[in-house]
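The values are calculated or read from the model by the stated rules, or taken from the named source; none is laboratory data. Keep in mind it's a predicted model, so treat the numbers as computed, not measured. We place every Cβ from the backbone using ideal geometry, glycine too, and count neighbours over all the protein chains shown. Accessible surface is based on the protein model in full, side chains and every heavy atom, while ligands, DNA and RNA are left aside. Shrake-Rupley method; radii C 1.70, N 1.55, O 1.52, S 1.80 Å.
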Amino acid sequence: MKSLTNYLTFNIPDRVGFVNITSDVEDAVRQSGVREGLVLVNAMHITASVFINDDEPGLHADYKKWLEQLAPFDASPSRYQHNRTGEDNADAHMKRQVMGREVVVAITNGKLDFGPWEQIFYGEFDGNRPKRVLVKVIGE
Amino acid sequence: MKSLTNYLTFNIPDRVGFVNITSDVEDAVRQSGVREGLVLVNAMHITASVFINDDEPGLHADYKKWLEQLAPFDASPSRYQHNRTGEDNADAHMKRQVMGREVVVAITNGKLDFGPWEQIFYGEFDGNRPKRVLVKVIGE
Amino acid sequence: MKSLTNYLTFNIPDRVGFVNITSDVEDAVRQSGVREGLVLVNAMHITASVFINDDEPGLHADYKKWLEQLAPFDASPSRYQHNRTGEDNADAHMKRQVMGREVVVAITNGKLDFGPWEQIFYGEFDGNRPKRVLVKVIGE
């Protein structure tokens with residue numbers, strides 16, 4: 001069994017933002033030499049997501065608006081108990097659960113085995129600080 | 001390490017629908033000859049899900065109603081910017097995030113290692129067109 | 001390829017509750033002898049979750065309140081058709097979809113490859129009965 005571990009770093013200059021990381025994951029698969037296997041891609045922070053969806057700016061704007069409706073930002077300690085700790089990011093912990101922590105993608109014939117519109121995104125919900133994503137390839 | 005890749009195809013004659021695909025995944029595990037390993041099952045389209053839950057029609061009706069409340073269908077471009085592209089399926093991209101893209105299931109002694117009620121479903125949120133699901137088995 | 005399968009058991013004395021299971025997963029990784037690989041941790045029941053987030057009691061209280069807003073408990077059969085079957089837990093099937101069934105974690109140098117605050121939790125949404133979690137390690 002072969003394996004490879006890469007770490008990607010981000011510092012998103014906004015509270016919320018999405019970055020297409022598909023080519024970084026493709027690079028890791030190529031480096032690994034794995035022809036058949038799996039690649040795990042996960043946020044290493046608990047106010048961020050990795051998810052697969054469409055690279056369409058209108059949809060990304062829709063996601064931001066929709067997540068804000070489901071779990072509104074509110075720095076005060078009255079809505080969210082977590083913000084009594086001095087944090088202001090309780091909403092980000094919820095947005096991340098809706099969008100998910102990780103994706104697992106099949107590798108077939110040395111490539112990400114994707115449908116026509118699948119792209120991998122890093123989703124930031126509490127930016128303006130350094131964050132990391134883990135890419136782990138296993139297979140043969 | 002052994003591996004096997006299967007593709008399932010669907011064309012759901014409704015906008016939203018759920019299909020039990022557990023036996024298709026069991027077939028793939030059997031074909032693979034894997035006794036200990038993992039199977040990844042994922043939607044290859046970004047307006048569809050693969051999820052594990054109960055095969056109970058009342059619950060499926062509840063899911064449809066609940067997802068419609070969380071992310072209502074609205075073809076107009078006023079609620080969802082994505083629908084300015086000529087699409088009408090922005091809601092489906094959101095429903096899919098709630099239900100998830102994929103499941104990873106353990107294979108133990110050559111079988112899906114499931115609790116008493118776990119069943120695997122394909123979840124369609126923008127049907128009336130051909131869609132695919134990937135089944136990837138790895139292990140030994 | 002090495003593999004190991006462990007089952008954790010829970011009987012949460014409340015309808016909803018969260019339990020930190022990180023050390024149980026670390027034990028399984030140690031037992032397996034795997035240095036590079038993946039560990040799958042999933043609820044074996046369809047009204048429970050395994051998720052990764054912060055071990056902070058205020059945040060956990062926020063999650064409970066937020067999930068109750070998204071999918072309120074209602075034993076009557078009028079809101080949820082599933083509850084016409086004699087069950088009262090339709091809400092728990094929805095809460096579990098928001099929080100997710102499973103996590104997949106990378107193993108690097110024999111350890112869970114985690115960011116600074118990542119902790120693994122069992123999430124119960126229909127307690128007062130025995131439930132199980134599966135821990136499956138694969139790698140080399």
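Structure values in brief
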{"item": "Residue within the range B:9-29 that is facing another protein chain (nearest Cβ under 7 Å), within 28 Å of C:F51 (Cβ to Cβ), open to solvent by less than 60 Å² (accessible area, probe 1.4 Å) and more than 13 Å from the chain's Cα centre (by Cα) present", "result": "no"}
{"item": "Among residues of the range A:113-132, those that are farther than 22 Å from A:P57 by Cα and crowded, with 18+ Cβ neighbours inside 10 Å, counted", "result": "2"}
{"item": "Qualifying position, being facing chain C (nearest Cβ under 9 Å), at positive phi, open to solvent by 10 Å² or more (accessible area, probe 1.4 Å) and small (G, A, S), among B:G86, B:G100", "result": "B:G100"}
{"item": "Breaking point among (1) over 29 Å from B:N83 (Cα atoms); (2) free of Cβ contacts under 8 Å to residues at least 60 places away in the same chain, for A:V39", "result": "(2)"}
{"item": "Qualifying residue in the range C:53-67 (condition: outside any strand (DSSP E or B), at the interface with chain B (Cβ under 9 Å from one of its Cβ atoms), open to solvent by less than 10 Å² (accessible area, probe 1.4 Å) and not hydroxyl-bearing (S, T, Y))", "result": "no"}
{"item": "Residue in the range B:34-49 that is more than 14 Å from chain A (Cβ to nearest Cβ), modelled with pLDDT of 95 or more and either surrounded by fewer than 20 Cβ atoms within 10 Å (Cβ to Cβ) or over 30 Å from C:M1 (Cα atoms) (or both) present", "result": "yes"}
{"item": "Selected residue (criterion: nearest to the chain's Cα centre (by Cα)) from residues of the range A:103-120 that are more than 8 Å from chain B (Cβ to nearest Cβ) and assigned to a loop (DSSP other than H, G, I, E, B)", "result": "A:G110"}
